[in-house]
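Read through the structure below, which is laid out as C-alpha cells, and then see the notes.
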Amino acid sequence: MGEDFIITGNVDPVNIVLNGSKEIIFNEIKRVINIGRTSRHGFILAAGCDLLASTPLTHVDWFMEAARLYS
C-alpha cells in the first residue's frame, strides 16, 4: 500500500506502550519506522489505537523519544 498511500501506525498501545519496558518500546518504534521508510508517499508513526488513560506518561515520553531518535 505504501506505493499508493501514506502509511500510518501501528504500535500496539497495550502490549508495547502500556506494558512494554523502555527497551521494548524503543525496539518497536525502530522496527515500525524502518518499515515505514519504504513507503514512497510517506509514513506517520502512531499507536494502533487510542492509548489507555492508565498508560504511564513515562512510556509516552519513551515513545516520543524513540520517534525523534529513529526518524
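Within region 32-71, if we keep just the residues that are part of a helix (DSSP H, G or I) and of a type in the set (Val, Ile, Thr), the residue that is nearest to Val14 (Cα to Cα) turns out to be Val60.
When region 44-59 is examined, which residues are found to be farther than 30 Å from Asp4 by Cα and either of a type in the set (S, T, N, Q) or surrounded by 14 or more Cβ atoms within 10 Å (Cβ to Cβ) (or both)? Within region 44-59, Ser54, Thr55, Thr58, His59 meet the criteria. Restricting attention to region 60-71 and to residues that are of a type outside the set (Asp, Glu) and over 30 Å from Glu3 (Cβ atoms), the residue that is surrounded by the most Cβ atoms within 10 Å (Cβ to Cβ) turns out to be Trp62. Within region 43-59, residues that are farther than 11 Å from Ile16 by Cβ reach partners that are surrounded by 10 or more Cβ atoms within 10 Å (Cβ to Cβ) and among the β-branched types (Val, Ile, Thr) with beta carbons closer than 6 Å, at six or more positions or on different chains, in the pairs Phe43/Ile7; Ile44/Thr8; Ala46/Thr8.
Beta carbons closer than 9 Å, at least 6 apart along the sequence or on distinct chains, pair a first residue in region 27-41 that is under 24 Å from His59 (Cβ atoms) and without any contact (Cβ under 8 Å) to a residue 60 or more places away in the chain with a second that is charged (D, E, K, R) and surrounded by 11 or more Cβ atoms within 10 Å (Cβ to Cβ) for Glu28/Asp12; Ile29/Glu65.
Scanning region 17-43 for residues that are under 9 Å from the mean Cα position of the chain (by Cα) and either surrounded by fewer than 17 Cβ atoms within 10 Å (Cβ to Cβ) or on the phi > 0 side of the Ramachandran plot (or both) yields Lys30, Arg31.
Any read-out appearing in this document is the output of simple, stated calculations on the displayed coordinates, not a laboratory observation. Bear in mind the structure is a predicted one, so any value in this text is a computation, not a measurement. Here Cβ is always computed from backbone atoms with ideal geometry, including for glycine, and neighbour counts include all displayed protein chains.
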